[in-house]
Amino acid sequence: MLYFVLKALHVLSDFLLIGGMLINAFVISMVPPTIRVGVITVLRKYDRTVTTAALAGAWIFGLWLAIGYVGFAQGWLHAKLVFVLLLSALYGMQQAALRKMEADPKLDPSAFVRSGIPIIIVSTVVIVCLAEIKPF
C-alpha cells in the first residue's frame, strides 16, 4: 500500500514540476521585454512555492521508491537519473535566468535555457519510457 501512495505522490510531484518548468521556459523564451517584469514577478511567486516544492517532492519520493523498492542495480534507473539531473539543473538555470531577467528585462539568457521547451519535453518522454518499459 505504501508503495502505491509513494508512487502517486512521485507522479503528482513530477506533473507539477514539468508544468512549472514549461511555464518558465515559455516566459523565458517568448514573453517580450516590454511586459517581462510584471509577468516574471508573478511567475516567481508561483515558482518558489509550487514548482520548487514539486522538485523536492519528486526527488524525495523518487529516491524513497528507488532505495526502498527498486534498488539501484538496474540500468534503466541509472539512465533515468541522468535525465532527472539534466532537468534539475535546467530548473536551477531557469530560476537564475528569471531572477536576472526581472532585474534587467532586456537581458537574454543562454541558448540552453532559451531552448528549454524541447529539452523538457524530450527528457520527460525519455524518463517516462525508461520508467515504464525498463529496457535494460
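See the values below:
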{"quantity": "Within the chain, helix-based [θ] at 222 nm, where runs of 4 or more DSSP H residues each add -39,500 (n - 2.57), nearest 500", "calculated": "-26000 deg cm²/dmol"}
{"quantity": "Cα-based helix-to-principal-axis angle, 52-65 vs the chain, degrees rounded to 10", "calculated": "10 degrees"}
{"quantity": "With Cα atoms, 0 to 90° folded angle of helix 2-30 axis to the chain main axis", "calculated": "20 degrees"}
{"quantity": "Nonlocal Lys pairs with alpha-carbon distance under 25 Å, the chain (8 or more apart, or different chains)", "calculated": "5"}
{"quantity": "Residue order, fewest to most surrounding Cβ atoms within 10 angstrom, among M1, M30, M101", "calculated": "M1, M30, M101"}
{"quantity": "Length added when fully stretched, A73-F136, from 0.36 nm per residue minus Cα-Cα", "calculated": "21.6 nm"}
{"quantity": "Gain upon complete extension [A89, V50; 0.36 nm per residue less C-alpha separation]", "calculated": "12.3 nm"}
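Read the figures in this text as sums done on the coordinates, not as results from a lab. Predicted, not measured: the structure shown is a model, and the values here were computed from it. All Cβ positions, glycine included, derive from the backbone under ideal geometry; neighbour counts span all protein chains shown.
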